[in-house]
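Here the structure is laid out as structure tokens; the discussion comes afterwards.
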Amino acid sequence: MGGLTERIGPRWPLTIGPLVVAGGFALMLLVGSGGSYWSCVLPGMAAIALGMAAAVAPLTTAVLSSVDDDHTGTASGFNSAIARTGGLIATASTGAVIAASGAALIGAFHVAALVAAALAVGAAAAAFASLGEKRP
């Protein structure tokens, strides 16, 4: 994806990738007490993984190409720190979901999936609005 981003610019991969992630989180609403892994969990997780794979390399490419050669190390470190912070926030918020039990657990999971989908749509909108087209 990094090579594609070099050719077309980061706007479309960083818009489409998060939209696929949002769709994956929406598919996680299929998760319930009676469903199987194959029909309820796997489709959403596969879409989330595909969308994240489509977005991570273009994001790194966009960050590193936006600074001069003297600052690529700093930009790479900052990009990595932000990614780790996002993972920590997701891990910390997981406690709010698993604090529930029974039917409330599924309800809390659905709320978390909807919030995550909304955040992914917000990321796609921000990328589309703030990133320009690649200039020849």
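Quick look at the numbers
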item	result
Distance from the stretch 79-130 to the stretch 1-70 (C-alpha centre basis), Å	14 Å
Accessible solvent surface per residue of the chain, calculated while the other protein chains remain in place, 1.4 angstrom probe, Å²	61 Å²
Helix 72-98 axis, angle to the chain major axis (alpha carbon atoms, nearest 10°)	10 degrees
Value in Å of the Kirkwood radius, where the stretch 93-136 supplies the Cα pairs that are averaged	12.5 Å
On Cα atoms only, tilt of 103-130 relative to the major axis of the chain in degrees	20 degrees
Helical mean residue ellipticity (222 nm; -39500 (n - 2.57) per DSSP H run of 4+; nearest 500) of the chain	-25500 deg cm²/dmol
Prolate/oblate/rounded label for the stretch 34-114 (Cα gyration tensor, a/c 1.5)	oblate
For the stretch 13-71: Kirkwood Rh in Å [reciprocal of mean 1/r, alpha carbons]	12.7 Å
Candidates Ala112, Ala75, Ala120, ranked by Gaussian network fluctuation over the chain, Cα under 10 Å, top entry	Ala75
With every protein chain in place, the chain: carbon and sulfur % of accessible area (1.4 Å)	72 percent
More than 17 angstrom apart: percent of Cα pairs within the chain	65 percent
Ellipsoid equivalent to the stretch 1-47 - semi-axes via the Cα gyration tensor, in Å	31, 10, 4
Percent RCO, i.e. relative contact order, over the chain, from Cα pairs under 8 Å lying at least 6 residues apart	42 percent
Rounded to 10°, Cα long-axis angle of helix 42-65 versus longest principal axis of the chain	20 degrees
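The values are calculated or read from the model by the stated rules, or taken from the named source; none is laboratory data. Quantities reported herein were computed from a predicted structural model and do not represent experimental measurements. Keep in mind that these areas ignore ligands, DNA and RNA; they rest on the heavy atoms of the full protein, side chains included. Shrake-Rupley method; radii C 1.70, N 1.55, O 1.52, S 1.80 Å.
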